[in-house]
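The values are calculated or read from the model by the stated rules, or taken from the named source; none is laboratory data. Every value quoted in this text rests on a predicted model; they were computed, and no experiment measured them. For accessibility, only protein heavy atoms count, side chains too; no ligands or nucleic acids. Shrake-Rupley method; radii C 1.70, N 1.55, O 1.52, S 1.80 Å.
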Amino acid sequence: GQVEAQLQVVQKLEEKERGLQSALGAVEKELALRSQALELHKRKAVEAAQLAEDLRAQGEHVQARLRELQVCAAENRAAKDKESLSLKRAQ
């Protein structure tokens, strides 16, 4: 009677505990996977930021070089114009 009833209650509670333990295990596993994914995304974000910075620096370098070449071309043109003016005068 009484003892059997108490044993049944204890068994039910033990089953419930097992169920909760296994649910907890599943949640912990899920959390671990999500943490891994987060770390991966963080790493990729850092890499992407680094790449963007490298590209920006390269772009600046190319622009500086372009300005140098434009100045050079302008100087060449000026020198050529001066030269052809001298030639016209000489003729």
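A quick yes/no check of all residues on (1) part of a helix (DSSP H, G or I); (2) hydrophobic (A, V, I, L, M, F, W, C); (3) on the phi < 0 side of the Ramachandran plot; (4) open to solvent by 100 Å² or more (accessible area, probe 1.4 Å):
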position: ARG34; (1), (2), (3), (4): yes, no, yes, yes
position: GLN50; (1), (2), (3), (4): yes, no, yes, yes
position: GLU53; (1), (2), (3), (4): yes, no, yes, no
position: HIS61; (1), (2), (3), (4): yes, no, yes, yes
position: ALA78; (1), (2), (3), (4): yes, yes, yes, no
position: GLU83; (1), (2), (3), (4): yes, no, yes, yes
position: SER86; (1), (2), (3), (4): yes, no, yes, no
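Would you check if GLN11 is more than 50 Å from the chain's Cα centre (by Cα) and open to solvent by 80 Å² or more (accessible area, probe 1.4 Å)? When the stated conditions are applied, GLN11 passes them.
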